[in-house]
Protein chains: 2
Amino acid sequence: MNVGAGSKLGVLAGSGKLPEQIINYCRHVGRPCFIIAIEGQTDPEIVEGTEHTWLRLGAGEKILKALRDAGVAEVVMAGAIRRPSLSDLRPDMYTASFLIRTGAAALGDDGLLRAVVGEIEDRFGLSVVGVDAVLPEILAPEGRLSGPEPDEQAMADIRRGFDVARGLGALDVGQGVVVQQGIVLAVEASEGTDAMLERCGFLARPGLGGVLVKARKPEQEKRVDVPTVGPETVRAAAAAGLRGIAVEAGASLIVDRATTIAAAEAAEIFLIGIGSFDDGGS
Amino acid sequence: MNVGAGSKLGVLAGSGKLPEQIINYCRHVGRPCFIIAIEGQTDPEIVEGTEHTWLRLGAGEKILKALRDAGVAEVVMAGAIRRPSLSDLRPDMYTASFLIRTGAAALGDDGLLRAVVGEIEDRFGLSVVGVDAVLPEILAPEGRLSGPEPDEQAMADIRRGFDVARGLGALDVGQGVVVQQGIVLAVEASEGTDAMLERCGFLARPGLGGVLVKARKPEQEKRVDVPTVGPETVRAAAAAGLRGIAVEAGASLIVDRATTIAAAEAAEIFLIGIGSFDDGGS
């Protein structure tokens, strides 16, 4: 079975625009792909015209068998997948046994995703790849992509944001934080980035606007659940009165880069990839 | 000048019910007190009938002189004080010089409060005391105060909540966190505990409800900004579908304990003070 750019790609499709971008790219370069659409999570519109099957997240055995039967060698997990409660999950026997065997109830998001990746690779012989191995130019580059140069206050807020985001990430809580004038306005937990941004409009103080920072969790499995921004993030950040967005260069994804940058330019907010801080402060 | 239980007490009154409880207690035991009411923050109803003066937070010199002129030896800071932007603060010369001298713009809430306490004590010779030095029985005791005994899942959520709250506190972000079934539903930053609880109704998963945990920041100045719960916290927690509230025993305040416990009993949620975890896990 071929592995790599020419082989058939399995896509475990969560919510949002990222699965669609992968499907479109595969179509563009002529790479065959097979979608596992998750009931209640995948956007139904994006799978039309592409080989796919709809399954419950709890139907772990069917999901893995479907990928194998479709002749897939590589699997990518793309888009946010909500972690359901056990009663919503209705796990099949195989999934229940996996959850018990791995002690999933006690695992954070990180540990659980790590266990899922291990299971797919070790038990089913499929290779799990990151979105950045499939899509070129999806990783955030270093440097400013749009908008004005961040001023001194913005850079101080970005730095504080990275400190807090990394601390939160180490606790396996979330990836996003909003800082304005040195104050941590909001921190993302299970509500997601857009919902966090929504409340920042109310929390904002007068004067210079804040920044959104997204960074990878220090211990994070690098192939799944990578911090992501896209056109919606830009619109929500602008609506909240923020002056910009900073992401970790090489470790976050920018969905639909052209549209995202155009949205940021239109809103006159900066989008910047941070590699490291020059003075070694962070 | 007398210091201690009989001397005149200065109260820097933030928002909420705590300043009122102090005023009522002083009246009850016959201790004279003098209130600094902060424009836009202190509830005007609570100062009626007690010696007080209204001042802007930015009028630092007038505040300290008013305390001294009133013959106060001990000062207590009670209730939440919102940190305004510089333009809202309109600092007087003295306050501006204090802010510049201490590098306040770069300080977190913790560092700023520490600097304020130092200023009051070293420059004005007043003694800053904690709310618990003024009000008896305000500190949360160890053990269950209301509601059912937390079950195994609740205890696991409480433990995870303390881990996250301490991590957040070390970052000087916030004191509150909501955990349900091992998942961190929400984390408190500048919005305050009640606003955080409000969104937990939407974020909650089916099945066993979550818990609110409040803990002191590890580096926190012990006399100010102590984690506080009260009847409103209980009502908001119950409305969010939580099963209980856990606070750090001996290091958090329970405002109006009788009313708070009665509200928790009525809502059938537990209120528990955690000293340490028996197995040394946290």
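The values are calculated or read from the model by the stated rules, or taken from the named source; none is laboratory data. Model, not experiment: these values are computed from the prediction. Ideal geometry is used to build each Cβ from the backbone, glycine not excepted, and the neighbour counts take in all protein chains shown. Just so you know, the surface numbers come from the protein's heavy atoms only, side chains and all, with ligands and any DNA or RNA stripped out. Shrake-Rupley method; radii C 1.70, N 1.55, O 1.52, S 1.80 Å.
Conditions first: (1) within 14 Å of chain B (Cβ to nearest Cβ); (2) open to solvent by less than 10 Å² (accessible area, probe 1.4 Å); (3) among the hydroxyl-bearing types (Ser, Thr, Tyr). Residue A:146 passes all but one, so which condition is the exception?
(1)
Might you let me know whether region B:212-227 holds any residue that is touching a helix residue (DSSP H, G or I) at 6+ places or on another chain (Cβ under 9 Å), assigned to a strand (DSSP E or B), more than 20 Å from residue B:81 (Cα to Cα) and open to solvent by less than 10 Å² (accessible area, probe 1.4 Å)?
Yes, that holds for at least one residue.
Which of the residues that make up region B:174-194 are assigned to a loop (DSSP other than H, G, I, E, B), within 9 Å of chain A (Cβ to nearest Cβ) and of a type in the set (Gly, Ala, Ser)?
Selection gives B:174, B:182, B:189, B:190.
Of the residues B:251, B:246, only one is touching a residue at least 12 places away in the same chain (Cβ under 8 Å), closer than 30 Å to residue A:87 by Cβ and of a type in the set (A, V, I, L, M); which?
After ruling out the rest, the residue left standing is B:246.
What are the pairs, 6+ residues apart or on separate chains, where a residue within region B:195-206 that is facing chain A (nearest Cβ under 9 Å) has its Cβ under 9 Å from a residue that is among the acidic types (Asp, Glu) and not in a loop (DSSP other than H, G, I, E, B)?
So the pair list comes out as B:205/A:88; B:206/A:88.
Please enumerate the residues belonging to region B:234-258 that are at pLDDT 95 or above, assigned to a helix (DSSP H, G or I) and not hydrophobic (A, V, I, L, M, F, W, C).
Listed by number, the list holds a single entry, B:235.
What do you reckon, is residue A:83 of a type in the set (Lys, Arg), surrounded by 17 or more Cβ atoms within 10 Å (Cβ to Cβ) and touching a helix residue (DSSP H, G or I) at 6+ places or on another chain (Cβ under 9 Å)?
Answer is yes for this residue.
Which condition number does residue B:21 fail, the rest of (1) under 18 Å from residue B:225 (Cβ atoms); (2) touching a strand residue (DSSP E or B) at 6+ places or on another chain (Cβ under 6 Å); (3) of a type outside the set (A, V, I, L, M); (4) surrounded by 22 or more Cβ atoms within 10 Å (Cβ to Cβ) being met?
Result: residue B:21 fails condition (2) only.
Can you tell me which condition residue B:95 does not meet? The list is (1) more than 14 Å from chain A (Cβ to nearest Cβ); (2) surrounded by fewer than 18 Cβ atoms within 10 Å (Cβ to Cβ); (3) among the polar types (S, T, N, Q), and all the others hold.
Of (1) more than 14 Å from chain A (Cβ to nearest Cβ); (2) surrounded by fewer than 18 Cβ atoms within 10 Å (Cβ to Cβ); (3) among the polar types (S, T, N, Q), only one is false for residue B:95: (2).
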